[in-house]
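First comes the structure, then the notes that go with it.
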Amino acid sequence: MAVDVNKHLDRAKRFLEKNRVEDAIAAYLAVLEEVPQHQEATQALGDLYSRTEQPDLAAVHYGLLFDMLVDPRDENKALAIYNRFLRSGTVQQPPERIARYAFLQQKQNHADEAIEQYTKAAELFNLESREEDALFCLERIAQLDPENPERQLRLAEAAEKISRNALAARAYLRAGQLATARQEHADALKLLHRAYVLAPQERSVALLYAQAKLRAGRAGEAVSILEPFSETENDVAFAETFGDALLGAGQLDRAREVLERLLREKNEGISRLFELADAYAGAKKDNSAVEILTTLKRRMFADKRQNDFVTQIDTVGEKHPQSQGILEFLSALYNELNREAKYFEILIKLFDVYVQKGSIPKACDALEKLVDIDAYDYRNQERLEVLRSKVDDSFFKRVAGRLARSSSPTAGSPATHRHGSSSEVVTSQAMTEAGRESQTLEDLIVQTEIFLQYSLHNKALDRLQKIGVMFPGEEKRNARLSNLYALANWWPPGAHRQQPSPTPAVQAPAQPVAPAAEAPASAAAGKTGVYTAETLRDLSKISEVNQKIFRQQTPRAMLNTAVNEVGMYLHATRAIAVVGAMGRPPELTAEFCAPEVKTAPGAQVVLLLALMEKAEPDVLGGLTVESSDGSILSELGLESALGVIITDKETQAPAGMLIVGHARAHRWRPNEAYFLQAIGDQMLMSVSHTRLRSLVRRMGVSDERTGLLSRSSYQSCLLTEADRARTQGTPLALAILQIDRGTDILRQQGESPMERFLEQLARSLQSILRQNDVAVKYTSWSLAFILPDTTLDGAQHLADKLLRAASGLRPPWDATQITLSAGIVEATAKPDYDSEDIVTDLINRAEFSIEEARKRGGDTVVTLDSPKV
């Protein structure tokens, strides 16, 4: 047979050489009769029929040749044949051949051409009622264009028509997903429903259909859809959706079971647990809500996500301002984190809830905590009045006394005016005569120290003259007073002169202060130089107010304290404090208002400042203005106002103003201007000191990520705080937190891992510190915390919080939990100690305490009391 084929091929070639085309065609046809799949003969016939302009016959043979080339996968040649002779020919190709051509285009990544040819083939298959073949083409089209919902829907309907339910369900599912992505939720629900009807046993179909039900607000139906899978499916997507469905259907306890298991096993579902706690609170199930929040707090704090937790819990708290359980949880949380402002807000809400529910003992406890935090909130007096008939007299008098001693009602407390002034309460709790004299002397000494520190020599001399008159011979018994006389270079008549002790916190004036005979008498004492009871009361009040201002932690709190104290003491209608250069918008302002008086808008404050600046100062620097029709004073409801300009002692430039005003005509006395000036000076000094300390902290930070001060700034910062503590008479504590076996770990793991862990430790502790606390990188394995205005007990409480926060940290080198120790000491103030002595003693005792912790094996806190003086 091979011989016959070759014979026919030779004959065909000879015929072509003689241009006998018809004879050549006959010879090639004879070859095909012997071997129907002979490629050479088939291609030759196609070429010859094309040459003789017989396209239909040429197409037949080219089609046969294409089919032969597909099988041996000579794809490029097959594509060339089809594109040249078949694609645009007049002869309709069979759908199988079109589908094969589309497949080759698909393999060549010509997706658009493949889709076009598959579509043509599918139509031809449908015309021939070959639905399975048409479905094959539609499935290929859906694969090539998976984002086209119309193609997915066409495939799904074709598959459903011939009972290919699994394929139809997948196509409906994909179409539903695409509709969901386009926010066409109604269409998506219909498509997913068709998928679910065809394949209810498919987990993916059920999951997406349930999610569509949830979006439509049909949570109960979503639960029914997912219920058959709940025992076997535990992946994150299913658990979250099932939890959402149960939550939406009000099945809170079942939702809790699912979501808590998800958190426990997969560490997922935190946001949904917050939603569940919100739902429990809305259902008045506070205990369950608090239990969930406690679980979340423990997990998120261990992951160092305190800020995320607080953000989420704030949202829950805002939604349920009357939920006692949520509010109590929030109060404990904010107290633990030392977020005092938030703690105060929650206590206010708790007080109202307790009163509403008749929980009077708890309301009393909340009120006492509010007074501890901010005795200047005028609403405390109102809250106390709410409890008047519901509590015993001892509690009422105790809290009323605390409010009165603070002189704190701001912005008008009606209760104060209904039930007596604060001075009456203070009078009822007056000290003994000896106690008052001792307090007066202490106040005058503190004032003198302050004035000497800030080079206010004439004012310091004035205080010393008062002490000399009121307490003759006191310097013999009081070394502190004797040293002040020496620093000021002034002694009472007959007193023994001596050299001053070196005290950096109170520097002697550059020039000797004038002797008493030459010094001008204080304006507050009058022309006679005799100190009246009113003047002495002012002096005592100045000392009291100054100490309160000192103890505030922020500039704004200092201004608020100043205006509240001034307004109450002078029985003013308004008191306004302003910090900022003259002629410019104020940097900081604070205002006190009497009862029923509204706060002044910012624009009116600016106009008032401009009016005061134009006034002529009196001999004491007081600026007095009276009301006139249409003036800014009348708009503020004032008849008369007195102001003083506060001067920056370094630049000698005006840096603020303190103003008081009365709604009735008032004759301003010299001691009132003097009182204002003294309070204003102290207010500005305290604000400047606080800003300076903040600047020093920012400039001394060695690592912005941790906020740690470098070790080089450690002693300087301690010296500054020791100066401040001596001046104000406030406590100062120091705590050192060290990693146990730090030297061994550093040697084993190297410096870089230890550095990373110390940074991690510092970041985790920052949220616990107060604004004025200073964290220092002490060594490669320890941190130091400088704690102004903190006693030993307060420092120990803070150290306990720091150690609890650090307990869950894991070092980067392995999963072993490390231990930490703390040494805590409080500064010791002795009469013969200057600031450097205090700091030296403080550092030595801190080092001793941390060494003692090491000797005890670590994982401990060592607290050293101050040595007995």
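The values are calculated or read from the model by the stated rules, or taken from the named source; none is laboratory data. Fair warning: this is a prediction, and the values are worked out from it, not measured in the lab. No Cβ is skipped: glycine too gets one built from the backbone with ideal geometry, and neighbour counts run over all protein chains shown. The area values use the complete protein model at the heavy-atom level, side chains included, leaving out ligands, DNA and RNA. Shrake-Rupley method; radii C 1.70, N 1.55, O 1.52, S 1.80 Å.
If R0 is taken as 25 Å, the Cβ-Cβ distance between residue 90 and residue 39 corresponds to a FRET efficiency of 0.55.
Solvent exposure of the range 731-855 amounts to 40 Å² per residue of accessible area, where only protein heavy atoms count and the probe is 1.4 Å.
With the alpha-carbon atoms of the range 140-196 aligned to their principal axes, the span from lowest to highest coordinate is 30, 24, 12 Å, starting with the largest. Other residues with beta-carbon under 14 Å from the beta-carbon of residue 597 carry, at +1 per Lys or Arg and -1 per Asp or Glu, a net charge of -1. Spacing of the modelled spin labels on residue 372 and residue 231, each 7 Å from Cα toward Cβ, amounts to 5.4 nm. The portion of the accessible surface of the range 317-395 made up by carbon and sulfur, rounded to a whole percent, is 46 (1.4 Å probe; DNA, RNA and ligands excluded). In the full protein context, the range 169-320 carries 47 Å² of accessible surface per residue, based on a 1.4 Å probe and ignoring ligands, DNA and RNA.
Local charge for residue 343 was computed over the other residues whose Cβ lies under 10 Å away, with Lys and Arg +1 and Asp and Glu -1, and equals 0. The accessible area of residue 4, taken with all protein chains in place and a 1.4 Å probe, comes to roughly 70 Å². Amide H to amide H, with H built 1.01 Å from N, residue 862 comes under 5 Å of 822, 823, 824, counting only residues 5 or more places away or on other chains. Rounded to the nearest 20, the size of the Cβ-charge dipole of the range 268-349 about its Cα centre is 100 debye, with Lys and Arg at +1 and Asp and Glu at -1. Residues whose amide H falls under 5 Å from that of residue 708, counting only those 5 or more places apart or on a different chain, are 702, 703, with hydrogens built in the peptide plane. For the range 756-869, carbon and sulfur atoms together expose 47% of the accessible surface, with a 1.4 angstrom probe and every protein chain in place.
Tally Lys and Arg at +1 and Asp and Glu at -1 over the other residues with C-beta under 13 Å from the C-beta of residue 640: what net charge comes out? Result for the neighbourhood of residue 640: +1. Among 716-723, 615-622, sorting by the average number of other beta carbon atoms lying within 10 angstrom of each residue, highest first, gives 716-723, 615-622.
Backbone phi angles across the range 205-219, fed through the Karplus curve with coefficients 6.51, -1.76 and 1.60 (θ = phi - 60°), yield HN-Hα couplings of 5, 4, 5, 5, 5, 5, 4, 5, 4, 4, 5, 7, x, 10, 5 Hz in residue order; Gly and Pro are listed as x.
3J(HN,Hα) couplings calculated from phi for the range 581-595 with the Karplus curve 6.51 cos²θ - 1.76 cosθ + 1.60 (θ = phi - 60°) are, in sequence order, 5, 5, x, 10, x, x, 7, 9, 9, 8, 9, 9, 10, 5, x Hz; Gly and Pro show x.
Working note: Karplus 6.51/-1.76/1.60 with θ = phi - 60° gives the range 827-834 the couplings 5, 10, 9, 10, x, 9, 9, 9 Hz, where Gly and Pro are set to x.
For residue 855, go through the lysines and keep the ones whose alpha-carbon is under 29 Å away, minus same-chain ones fewer than eight residues off. In chain and number order, the partners are 777, 801, 868. Taking the square roots of 5 times each eigenvalue of the Cα gyration tensor of the range 112-164, largest first, gives ellipsoid semi-axes of 17, 14, 7 Å. Overall, the accessible surface of the range 189-273 at a probe of 1.4 angstrom is composed of carbon and sulfur to the extent of 46 percent.
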